[in-house]
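Working notes, structure below.
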Amino acid sequence: LNGELVAKFYLKDCVKPEAKTLIDELKSAGMKVCILSGDVQKVVKNVADELGVSEFRAEMLPETKAKFISELKEQGKKVLMVGDGINDAAALSLAHVAICMGSGAAISLERSDVVLLDDSLKSLAKAIKISKFTYKTIKQNLFWAFVYNAVCIPVAAGVLAPLGLMLTPVYGAAAMCFSSVTVVLNSIRLRFKQI
């Protein structure tokens, strides 16, 4: 006012309250977290410090984000990317798993494997946990299916016939049904898993 400074305004990005908890959960799960942002260095550093993230990149253009993701993949790393803007679309399409917030840009939604409908970071943590439980269940199901087949097929083929052990078609069908029921029941457990 009349050549004299009378007021200053500071604008700051607000970090979601649950963001720090999510970052800590990801780190404890053995994931390396990196922030990629188009914002200026100082702003990104402040956010990274607040969240406890040591690796971050600032002033990134869409193509530099995509190049960064490609380089991680070339190093043999599995890349999960979370984004919501137009400038994230190219990088999302290159990630092994792309997650977009539900209110994100249309092109980012199209390029994503998972869309979080409620825009909550708690939903992101839940989605990651569900995917891990699902993967574990798939491995369990494959194991049990293999065990059933490894035991029942040789018996049905008569390998143990000299010992007087034969698997009649009725018992063979029952064993296969039991195998299928075991796999289905094991999969249904996911619905009741407390996350």
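Here are a few things to note about the model shown:
- Assigned charges on the beta-carbon of Lys, Arg, Asp, Glu; the chain dipole about Cα centre (debye): 740 debye
- Rounded tilt (10° steps) of 62-74 against the dominant C-alpha axis of the chain: 40 degrees
- Mean residue ellipticity (222 nm) of the chain, computed from DSSP H runs ≥ 4 via -39,500 (n - 2.57), nearest 500: -17000 deg cm²/dmol
- q = 0.16, 0.24 Å⁻¹, the range 61-157: log10 I(q)/I(0) [Debye, one scatterer per Cα]: -0.72, -1.15
- Counting only protein heavy atoms and using a 1.4 Å probe, the accessible area of R111 comes to about 100 Å².
- Once the mean of 1/r is taken over each pair of separate Cα atoms and inverted, the chain shows a Kirkwood hydrodynamic radius of 20.8 Å.
- Förster radius 41 Å - calculated FRET efficiency between K8 and H96, Cβ distance, rounded to 0.05: 0.40
- Of every Cα-Cα pair in the range 53-110, the percent that sits beyond 16 Å: 41 percent
- Amide H partners (placed H, <5 Å) of V82, local residues excluded: I99
- Inter-centroid distance (Cα atoms) of the range 151-169 relative to the range 63-136, Å: 50 Å
- Surface accessible to a 1.4 Å probe, per residue, for the residues of the range 1-115, Å²: 65 Å²
- Taking all protein chains together and a 1.4 Å probe, the residues E25, E55 rank E25, E55 from largest to smallest accessible area.
- Helix 169-188 and the longest principal axis of the C-alpha atoms of the chain enclose an angle of approximately 20°.
- Positive-end extreme of charge dipole, the chain - chosen from I35, A125, N149 (charges on Cβ): N149
- With a simple spin-label model that places each label point 7 Å from the Cα along the Cα-to-Cβ direction, the separation between V151 and S180 comes to 1.9 nm.
- Here the Karplus curve 6.51 cos²θ - 1.76 cosθ + 1.60, taken at θ = phi - 60°, turns the phi angles of the range 106-112 into couplings of 4, 5, 5, 4, 5, 7, 9 Hz, with x standing for Gly and Pro.
- The modelled label-to-label distance for the pair M31/K129, using points 7 Å beyond Cα in the direction of Cβ, is 1.3 nm.
The values are calculated or read from the model by the stated rules, or taken from the named source; none is laboratory data. Quick caveat, the model's predicted, so the values are computed rather than measured. When we count neighbours, we look across all protein chains shown, and the Cβ atoms used for this are built from the backbone with ideal geometry, even at glycine. Accessible surface areas use protein heavy atoms only, side chains included; no ligands, DNA or RNA. Shrake-Rupley method; radii C 1.70, N 1.55, O 1.52, S 1.80 Å.
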